[in-house]
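Just below is one structure, and these are the notes that go with it.
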């Protein structure tokens, strides 16, 4: 969680300085969702991410240098500079890509789950999406199909309160999105998405069910998108909203809990901070020293078969 | 028969490779609305022949996700028009993922469906969408006109590692022709000279291949017309087309899709660019009128070029009234 937070802070800084380009959607505030869910998965389980996907990639164990290189459009990037921030692919770790289309990855996750079922493996697939994506037709279609085919897929709704800049109360006639899943016969649970242990507990249960052949599960994680939708263009929030969130910061909550329960000491967290800072420096260095893709390769469809 | 050739191609490939499966609306118990999947569920079972709800976006996406993770889906679209409901999954997902992933993820997916003008099914059950797909990077686009090509191309398409859009013309489904025994494949990107000629080149697709061949037959005593079927619209076998035009100096493209910004227009662009010196007259594209497909059989017939229109166009292009470039 701390690594994701610091990675995103670093990306924000690099973006402001023009060193990272394109459409950047920061995951700050939602870290407990990616970590809570992905910690319940095995390496070979599939994750279908979103436009706001850096957290999912890190939680799936992707290489920080190659992630940073992708954000900078370099040849060494996770997608060889062909995808960018919204399209991080690392099939070797089960990361089956982000998606620039809100809700676009949901049925793809169904396909991976179908594939696992068809091939008789015990893999599961996770579709991350948001309250915004829940209003896409394909979400409803996918819930129905997943229940009908009893697919080992886990729908993870990161209800971060905003669809681009529109607050959830103005985009969802009924905010309890989990009810929609239940209406299609997909069992659901709603959790505090800022409590990593709570998310993890529900995710472990969902994964166990899916692996055991009991079909899909829906998890609604109530969280909060701290940063603007994209880049640094500020969006309006109700007065005091961001300030109120600070008391629910998932990283702070977990840190307080771990130190209070004496799982970790503040000094050890300091060491961790330093180690993370070093890893991120190295990642940036790797990215910035990496070559750009050969411009000719764009025209020659170099990686198209 | 064109239709059974399609069924046989799927059946043979499913026997050969257990990763191949068929998915779509009514493909299982009913055998497909035009019976192109008849017998498959009995032979391969419901696991590999999967009927779906009417949820194009979801089952297209499911097929793409399955293709990303080791399977080789064949998606049947009941009517090509319905593909538009799930177009995001085709254009933004299927066609782009291989490229966006830097080549790491392959999408061995065949999306096949039928369309056709001549059965009075009106504007939302008939239209030609091939030009949309040709315009989209990341798709290969196949449009067979004969049973031989239908089978050979489909088998090849199923073995391709990235998305192929396979377009079947329902007016050809019951067309009978002699086909050889044994297995054959038709590679993507290879045109076929359906009728040899020396005076005039017609490039035609799908049902227009047969209309053009009939026109050529009727003109045979006065004009020797060569009819070329590209079979694969993308990648296009331009070399075969240019070779013919080098010989004849004339090009007419005949299609049943509308002309503006279409496949036919693209053929003319490529020929003009790479074979301008061969052309003795300005090339022409004959196609559907710029309206949705009409319902009434009378209107529908007037909507697309008929054999007489093709004959007239060839005569016009060769006639004394036509402007000569040499």
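In peptide A:136-146, what is the residue-averaged number of other protein chain Cβ atoms found within 10 Å of each Cβ?
Mean partner shielding for this stretch: 5.
Among A:157, A:62, A:38, which comes first, second and so on when ranked by fewest other beta-carbon atoms within 10 Å?
Going from least to most buried by this count: A:62, A:38, A:157.
For a quick protection proxy, order the peptides A:228-237, B:54-63, A:103-112, B:97-106 by their average other-Cβ count within 10 Å, most packed first.
Final packing ranking: A:103-112, B:54-63, B:97-106, A:228-237.
Percent antiparallel among DSSP beta bridges with both residues in the protein assembly as shown, to the nearest 5?
In the protein assembly as shown, DSSP labels about 15 percent of beta bridges as antiparallel.
For chain A, just say rounded, prolate or oblate: build the C-alpha gyration tensor, square-root its eigenvalues into a ≥ b ≥ c, call rounded for a/c under 1.5, and beyond that prolate if a/b exceeds b/c, oblate if not.
rounded
Among A:82, A:56, what is the fewest-to-most ranking by other Cβ atoms within 10 Å? Don't skip to the end; give the middle numbers.
Values: A:82 25, A:56 28.
The order, fewest Cβ neighbours first, is A:82, A:56.
In whole Å, what is the distance between the alpha-carbon centres of region A:270-298 and region B:61-79?
36
Mind running the shape call on region A:55-144? Use the C-alpha gyration tensor, a ≥ b ≥ c as the square roots of the eigenvalues: rounded below 1.5 for a/c, prolate if a/b tops b/c, oblate otherwise. If you can, show how the numbers build up before the last one.
Details: a/c = 2.54, a/b = 1.45, b/c = 1.76.
Cα axes put region A:55-144 in the oblate bin.
Taking a ≥ b ≥ c as the square roots of the eigenvalues of the Cα gyration tensor of region B:2-172, is the shape rounded (a/c under 1.5), prolate (a/b larger than b/c) or oblate?
Numbers: a/c = 1.39, a/b = 1.11, b/c = 1.26.
In terms of gyration-tensor shape, rounded.
To check you understand DSSP bridge types, tell me what percent of the beta bridges within chain B (both residues inside) are antiparallel, rounded to 5.
15
Nearest 10 degrees, 0 to 90: what angle lies between the long axis of helix B:207-219 and the longest principal axis of chain B (Cα atoms)?
30
Based on other C-beta atoms within 10 Å, arrange A:143, B:90, A:41 from fewest to most.
Values: A:143 26, B:90 29, A:41 21.
Going from least to most buried by this count: A:41, A:143, B:90.
Any idea what angle helix B:147-159 forms with the longest principal axis of chain B, computed on alpha-carbon atoms, 0 to 90 degrees, nearest 10?
Compared with the principal axis, the helix lies near 50 degrees.
Below 8 Å, C-alpha to C-alpha, sequence gap of six or more: please give me the relative contact order for region B:172-310 in percent.
Once divided by the residue count of region B:172-310, the mean separation gives 25 percent.
With everything on Cα atoms, drop me the angle between helix B:238-248 and the longest principal axis of chain B, reported from 0 to 90° to the nearest 10.
Its long axis makes an angle of about 20 degrees.
Across peptide B:90-99, how many C-beta atoms of other chains are within 10 Å of each residue C-beta, on average?
Mean inter-chain Cβ contacts per residue within 10 Å come to 4.
Rule-based calculations on the coordinates, nothing more; no lab input. Since the model is a prediction, treat every value here as computed from it, not as a measurement. Here the Cβ is made from the backbone with ideal geometry for all residues, glycine too, and neighbour counts use every protein chain on show.
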